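Every number here is computed from the coordinates shown, using simple stated rules; none is lab data. Just so it is clear, the structure is predicted and the values come from calculations on it, not from any experiment. For neighbour counting, all protein chains shown are included, and Cβ atoms are generated from backbone atoms with ideal geometry for every residue, glycine included.
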Ligand code: FAD
Ligand code: NAI
């Protein structure tokens with residue numbers, strides 16, 4: 001048994017970042033993690049492996065579709081599935097090993113095992129009980145279950161199983177046109193699978209600016225993904241390793257079936273708090289099963305905090321990381337602040353889709369007068385050269401003050417380009433501030449500047 005200033009439960013991006021910040025601020029800190037490796041969902045079965053698979057399959061797509069036009073002749077590579085999975089696993093290992101190194105460097109103890117909180121100030125792991133002045137719950141999330149659908153992680157899989165399939169399916173049905181469904185759907189479409197996405201709502205990617213969502217759907221359709229929208233999945237039956245998906249179209253209640261080799265259930269995630277013992281402690285929860293916290297991430301039980309996917313807000317690694325730093329700084333007596341209005345979201349398909357702040361729909365709902373500045377990547381020299389002219393940058397700015405309220409990018413490197421706008425928003429920038437900033441030529445970032453120019457007297461290359 002040991003005593004700590006802070007014990008963090010969970011070593012995902014929320015937990016490990018919190019622990020490192022605590023150590024940097026002079027606290028004695030340990031992290032309890034039950035998985036065999038550090039890094040949580042993100043590094044083990046989420047962000048990192050999915051991006052490795054997206055990268056590998058994008059390379060294949062480039063070889064198949066664009067190499068010959070650049071004078072790079074020869075047969076496109078064939079897929080060695082085992083090696084692709086090995087590359088993904090090696091990427092995971094490098095990243096999870098990196099966190100272990102950072103723990104050692106910062107003198108963060110890793111208590112191996114599953115932790116629970118028998119009472120405030122105590123964390124139990126196996127038979128050991130450790131003392132902690134502060135406990136931070138960062139236990140993350142798990143895939144939501146869908147009534148009538150039993151996941152076996154072989155034929156009917158969550159994202160975890162989809163990153164480990166024994167072979168590339170001929171036909172993949174994806175339930176849910178959200179971030180996971182579209183990223184992993186893209187991976188398998190590029191690998192030659194027939195991919196059909198069944199979505200409950202009438203549009204893909206709920207919450208996204210509607211114009212971008214429509215454009216995104218068109219692009220994915222061109223890449224071979226098929227969409228059935230407004231369809232509520234009723235059940236999935238598995239026989240001889242083949243699945244039958246039954247869904248009802250919401251518009252007329254008609255019932256339909258689809259056959260598939262693999263079904264990916266990607267209908268959202270929910271906080272994972274099982275086994276922590278927080279029910280018995282009386283930790284208050286929201287109606288949606290999240291841990292209730294105040295502005296300093298404190299639960300209703302003194303000395304117990306919660307962050308990341310276990311609490312309200314977007315389930316994103318960088319949101320969890322920001323909260324990890326903020327809770328550590330708050331415990332150290334500082335006055336941290338996370339700006340929830342400026343948390344970017346990125347979908348790592350090709351092209352990428354990135355957004356931050358308000359959408360046209362949210363501004364209309366608020367009755368706020370706004371201007372739109374748009375610029376297509378077709379007008380960007382670098383994008384044209386790189387076969388990346390599809391898509392556009394869209395800035396939403398206050399009609400009177402020109403202050404940037406939101407940004408939406410569908411196009412090359414959108415996930416990187418969005419950060420110029422995030423920094424601008426943090427500083428309360430107007431579109432004119434970006435428009436008057438010199439951008440190097442030829443870069444994709446010129447498209448962001450042109451969209452800012454379009455909010456004023458006009459873009460130059462449109
Ligand atoms: P987690 O990363 O879930 O970590 C929680 C950790 O706590 C786990 O390791 C778990 O084993 C451990 N734990 C739980 N209970 C206990 C206990 N009682 N004792 C000990 N340990 C415990 N987000 C992005 O921002 N970008 C992306 O590209 C992205 N891609 C994703 C792709 C997929 C397929 C998935 C599933 C998610 C993706 N996400 C992405 C979401 C991202 O992974 C999560 O938002 C993020 O990991 C949340 O971090 P966290 O620290 O709150 O929890
Ligand atoms: P999601 O919330 O993004 O999408 C789920 C989709 O499933 C929604 O479109 C919803 O309408 C649909 N749906 C729900 N029930 C349905 C039903 N019965 N039939 C058909 N469709 C149904 O959830 P997803 O994709 O599972 O991702 C979970 C979380 O992981 C997200 O919150 C996301 O933020 C995070 N993530 C982030 C990534 C990134 O940042 N690039 C990548 C992958 C995941």
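Relative contact order of region 345-454: 31 percent, from C-alpha pairs under 8 Å at least 6 residues apart in sequence.
Using a Förster distance of 35 angstrom, determine the FRET efficiency expected from the C-beta separation of residue 114 and residue 58, and round it to 0.05.
On the way: r = 37 Å, r/R0 = 1.05.
Once rounded, the FRET efficiency stands at 0.40.
Only helices enter the 222 nm calculation for the chain: every DSSP H run of n ≥ 4 contributes -39,500 (n - 2.57), and dividing by all residues gives -10000 deg cm²/dmol, rounded to 500.
In plain terms, the chain from residue 288 to residue 426 could stretch by 46.7 nm, reckoned as 0.36 nm per residue minus the Cα-Cα distance. With the simple model of a label 7 Å out from the Cα in the direction of the Cβ, residue 296 to residue 381 spans 5.5 nm.
Spin-label model, residue 362 to residue 51: label points 7 Å out along the Cα-to-beta-carbon direction sit 2.3 nm apart. Every Cα-Cα pair of region 345-454 was included, and the share exceeding 24 Å stands at 17 percent.
Antiparallel beta bridges, as assigned by DSSP with both residues in region 156-267, represent about 50 percent of the total such bridges. Contact order, relative form, for the chain: 14 percent (alpha carbon pairs under 8 Å, 6 or more residues apart, mean separation divided by residue count). Expressed in Å, the radius of gyration and Dmax of the Cα atoms of the chain are 23.4, 69. Please work out whether region 156-267 counts as rounded, prolate or oblate from its C-alpha gyration tensor, where a ≥ b ≥ c are the square roots of the eigenvalues and a/c under 1.5 means rounded, while otherwise a/b larger than b/c means prolate and anything else oblate? Judged from the Cα gyration tensor, region 156-267 comes out oblate (a/c at least 1.5, b/c at or above a/b).
Neighbour counts of C-beta atoms inside 10 Å place 186, 141, 69 in the sequence 69, 141, 186, starting with the fewest. If you restrict to DSSP beta bridges whose two residues both lie in the chain, what percentage is antiparallel, to the nearest 5? Antiparallel bridges: around 60 percent, rounded to the nearest 5. Cβ crowding within 10 Å, taken as a proxy for footprinting-reagent exposure, orders 35, 449, 288 from fewest neighbours to most as 288, 35, 449.
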